Amino acid sequence: TQYRLSQRLARWLLMCQDRSDSAGIEMTHEFLSTMLSVRRAGVTEALNELEGAQLVRNSRGRVTVLLRPGLIEWAAGCYGVAEREYERLFPVIQKRCL
């Protein structure tokens, strides 16, 4: 399945938030473009799309998740399957990390 950049970005932000205890994620557009293997301008457009849907707030060097359930829905299936399987296989590790 091919996912739009904004869907891939939504998944990446969700995965970062899974490993953090904060809604705010410190990262630059340049870093995100490297992680997603896209042009920096594409990241800016995708973040603007997510911000326009009021799912995130984008400020200099920081992305804040405003509506996690909406971001999960936006990711349209590219987030959740692997995460549920990981939790099923490693429930103790998952709980200890939270």
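A few points about this structure:
- Computed extension gain for residue 53 through residue 36, at 0.36 nm per residue and net of the alpha carbon distance, reaches 4.0 nm.
- Acute angle (nearest 10 degrees) that the helix 5-18 long axis makes with the longest principal axis of the chain, alpha-carbon atoms: 50 degrees
- Computed log₁₀ I(q)/I(0) - Debye formula, equal Cα scatterers, no solvent, the chain, q 0.20 Å⁻¹: -1.00
- Taking the chain and dividing mean pair separation by its residue count, relative contact order in percent (alpha carbons under 8 Å, at least six apart): 33 percent
- Dipole in debye (nearest 20) - region 29-98, about Cα centre, beta carbon charges: Lys, Arg +1; Asp, Glu -1: 300 debye
- Computed over protein heavy atoms with a 1.4 Å probe, the accessible surface of the chain works out to 65 Å² per residue.
- The trypsin sites (Lys or Arg not before Pro) of region 20-74 that meet both conditions, a loop assignment by DSSP and at most 15 other Cβ atoms within 10 Å of the site Cβ, are 39, 60.
- Where Rh is the Kirkwood radius over Cα pairs, Rg/Rh for region 1-50: 0.95
- Carbon and sulfur %, accessible surface of the chain computed with the full protein complex present, 1.4 Å: 53 percent
The values are calculated or read from the model by the stated rules, or taken from the named source; none is laboratory data. In this text, all values refer to a predicted model and were calculated from it rather than measured experimentally. Please note: Cβ atoms are built from the backbone with ideal geometry, for glycine as well, and neighbour counts cover all protein chains shown. Accessible surface areas use protein heavy atoms only, side chains included; no ligands, DNA or RNA. Shrake-Rupley method; radii C 1.70, N 1.55, O 1.52, S 1.80 Å.
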